[in-house]
1. Go over the candidates A:R227, A:R219, A:R200 one by one and state the one that is closer than 15 Å to A:D160 by Cβ and touching a strand residue (DSSP E or B) at 6+ places or on another chain (Cβ under 7 Å).
2. Please count how many residues of the range A:248-263 are over 18 Å from the mean Cα position of the chain (by Cα), among the charged types (D, E, K, R) and either farther than 13 Å from A:H275 by Cβ or in a strand (DSSP E or B) (or both).
3. Determine whether the range A:64-73 contains at least one residue that is in contact with a Pro (Cβ under 8 Å, 6 or more places away or on another chain), surrounded by 14 or more Cβ atoms within 10 Å (Cβ to Cβ) and in contact (Cβ under 8 Å) with a residue 24 or more places away in the chain.
4. For A:G295, which of the numbered conditions (1) open to solvent by less than 10 Å² (accessible area, probe 1.4 Å); (2) within 14 Å of chain B (Cβ to nearest Cβ) fails to hold?
5. Just the residues that are surrounded by fewer than 21 Cβ atoms within 10 Å (Cβ to Cβ) and either more than 15 Å from B:D37 (Cα to Cα) or at the interface with chain A (Cβ under 9 Å from one of its Cβ atoms) (or both), please, taken from the range B:169-188.
6. In the range B:387-402, which residue that is without any contact (Cβ under 8 Å) to a residue 12 or more places away in the chain and open to solvent by 40 Å² or more (accessible area, probe 1.4 Å) is nearest to the other protein chains (Cβ to nearest Cβ)?
7. Output yes when any residue across the range A:31-52 is at pLDDT 85 or above, within 30 Å of B:Y203 (Cβ to Cβ) and at the interface with another protein chain (Cβ under 10 Å from one of its Cβ atoms), and no when none is.
Amino acid sequence: MNPPSRRLRLALVVTAVLLLAGGSLGYVLHARHRERPPGQQADASFDVSEPGLYFRDTTGGRIARQGGPGLPRVTGGPSCDRFHTAGDHALCLRKLPGVPARTEALVLDRHMREVRRVTVPGIPNRARVSPSGQVLSWTTFTTGDSYNTAAFSTRTAILDLRTGYLIKSIEQIPLTLGGARHHDSDVNYWGVTFAADDNRFYATVSTRGATHLVEGDLRAWSAKALRENAECPSLSPDGTRVAFKKKVSDDPRAPWRLYVLDLATMREHPLAEPHSVDDQAAWLDDTALAYALPGEDGRASDIWSTRADGTGEPALLVPGGSSPARVG
Amino acid sequence: MYLAANGRPDAPPRPPGAGRRVPAAVLALGAVSLVTDISSEMVTAVLPLYLVLGLGLTPLQFGFLDGMFNGATALVRLLGGRLADRRGHHKRVAGAGYLLSALSRLGLLLAGGATGGIAAALAADRLGKGIRTAPRDALISLSGPPESLGRSFGVHRAMDTTGALLGPLAAFAVLWATADAYDAVFAVSFCTGLLGVLLLVVYVPAAPGPTPGPAAAPPAGPRPPRRPVLRDPAFRRVLCAAALLGATTIGDAFLYLLLLRGLDLPPALFTLLPLGAAAVYLLLAVPAGRLADRAADPSGRRTGRRTAFLLGHCALLGAYALLLAPVSPPTVVGVLVLLGVFYAATDGVLMALAAPALPAAGRAGGLAVLQTGQALARLLGAAGFGAAWTLWGQRPALWAAALALAGALAAASRILPAAPPTAAPEAP
């Protein structure tokens, strides 16, 4: 405790503080100026009126179009984490920087002009536009809704452009489950898909540890569960079938398989894809589906397609893509 | 302000028995905790986002990863306590724990996106946290006269909580400045963690406190044979009471959730509610510790820590009661204040209550047993409440919890020794 040793210790601590603060600052500045894709708007030439497959290009995160086999990829769309387009509009979900996580839902017309912008809590998860382009829905993951703080819950919104009415969370929709009205605090909705009438929709609801496929009615504001264990539905263009992911395994690394459910007979059949698919599949036409899988060769994800009747073999559609949406 | 008091290089050496000041070692340990908590809370605040958004883990996988390590901490704590007691290496064991946690940030940084690497880094962090806690609390308790232990722990916990409040803010600032560069958060957290280790090495005395106060000095001479702390009746009673009360504690997250549901508040507030309780805890930790040290019953026996510990749980009971009444906006303030009072009057106070009952040579191990016992009991309490909520709904579950806590309080007031326990004679 003699003065020199005190002074020495102080000098040591001050030096360390300077070094560590300098190192921290240096790293932060380095991270700040590092090359990162900024949240870009679409180039003037890019719009979603051309026929083709639109998707998110995983290198750079901007929306691109693949006109057809052999045609070059057209880039220059806005940067989005999730994307979907149909009819007159496109929906682009972006994660905003900062904590707690927030998502910006950007509604665009066919020429990529902004129609509406909504900011909601959570991380982008699913985006869907109704066939006419007039009704849109998105889902985000949010933390902290559940009493188990590590768990995530979802928040699904529906925006009706005809009236401008936005339902920030559809959690309060009166739900019929097993023939009876269901009340519980743990209901979570995600993955909405719309029918051509801009009124009927399908979605996933999770409650009491089980997931259900629900059919909803926007005008009547009601929903009823159709069957268990069907997540992320996607309605076929002819409106007769729903593609969905079904939990087939308790292995957390590969829980799901893609199935197609015939709504008239309520019979389901598996698709040829052997991998676990964690995506809301998109119909290319009435016979084939596209979906994202973890990418190969270091790519974040690839888009694959497979036939809707369960036959054939999956084919790699777009290397380095996600959020597929077919136009035309 | 404590940092300033700690950093005065020209302060005259403290005269023996200067009871009104907090021991320098406690301030040093408080500073270490403050800096370390900034470091660890930075990572805690961003990790879920990083894993799910940055790396695309499903929430299921994240929950699995997170839950995997929580149970192990309790056992590691016992190990840390034992290690520290053997030959009195408190500082070294605590230092190793702090260093391990600091290095785990480097692991997160280097792991990139590899899930295995991230799991290993998380495991190292929890291991470090488990190892260091008991030796640190033993150091605090050995660094001052037993009469002022409540205040010592109060000061330490206040500094600790300050760090915990600053951490998420720092993480937010870094994410904001770098447009979501999570690796920058890990890098800054690593540097902050290293500073904490350095403060420990430089400012915390190696031997448990050169406390010249008459009461605290452990007897010189040959080390007495160790005896299992659990055989000490006074300590056993403290442990029983703490475990009993812990098992009827339903967990803060449930209280916040009841508030959110009762008022239909936006979920973003879920992250802010704990800050409110922490702020109250921060303000009251030192006064509560001082009051606990001072209060005496009419016969002159100092029973303040026992009273404070019980009253703290009464505050928790008050919070349950508030939630059973119709929830209105003032309820939020009331519940947060009561929760802050609960922590201020119980967290450090329990250590101050139990420490004198433990011989200096078995203190870290004893405190570890106490902390582990309380943590496991609370885990049980939270799980039980979750089950009750699912089975009966939230109101009946809350009623059950309130009744259980009231019962536990009645029992604990009988179990807890009336007079402050003192170290049993060290030789059998």
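The values are calculated or read from the model by the stated rules, or taken from the named source; none is laboratory data. Owing to the predicted nature of the structure, the values given are computational and were not obtained by experimental measurement. For neighbour counting, all protein chains shown are included, and Cβ atoms are generated from backbone atoms with ideal geometry for every residue, glycine included. SASA here: full protein model, heavy atoms, side chains in, ligands and nucleic acids out. Shrake-Rupley method; radii C 1.70, N 1.55, O 1.52, S 1.80 Å.
1. Numbers: A:R227 fails: closer than 15 Å to A:D160 by Cβ; A:R219 fails: touching a strand residue (DSSP E or B) at 6+ places or on another chain (Cβ under 7 Å).
Being closer than 15 Å to A:D160 by Cβ and touching a strand residue (DSSP E or B) at 6+ places or on another chain (Cβ under 7 Å) holds for just one of A:R227, A:R219, A:R200, which is A:R200.
2. 2
3. If we filter the range A:64-73 for residues that are in contact with a Pro (Cβ under 8 Å, 6 or more places away or on another chain), which is where we start, we get A:67.
Then keep just the ones that are surrounded by 14 or more Cβ atoms within 10 Å (Cβ to Cβ); that gives A:67.
Then drop every residue that is not in contact (Cβ under 8 Å) with a residue 24 or more places away in the chain, which leaves none.
No, the range A:64-73 contains no residue that is in contact with a Pro (Cβ under 8 Å, 6 or more places away or on another chain), surrounded by 14 or more Cβ atoms within 10 Å (Cβ to Cβ) and in contact (Cβ under 8 Å) with a residue 24 or more places away in the chain.
4. (1)
5. B:F172, B:A173, B:W176, B:A177, B:A179, B:D183
6. Step one: filter the range B:387-402 for residues without any contact (Cβ under 8 Å) to a residue 12 or more places away in the chain, giving B:387, B:390-393, B:396.
Next, only the ones that are open to solvent by 40 Å² or more (accessible area, probe 1.4 Å) stay: B:387, B:390-392, B:396.
Values: B:A387: 11, B:T390: 8, B:L391: 12, B:W392: 13, B:P396: 14 Å.
Across the range B:387-402, the extreme among qualifying residues is B:T390.
7. The answer is no; no qualifying residue exists.
Residue-by-condition table, conditions (1) more than 22 Å from the chain's Cα centre (by Cα); (2) modelled with pLDDT under 90:
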residue	(1), (2)
B:L316	no, no
B:A319	no, no
B:P326	yes, yes
B:D347	no, no
B:L367	no, no
B:R378	no, yes
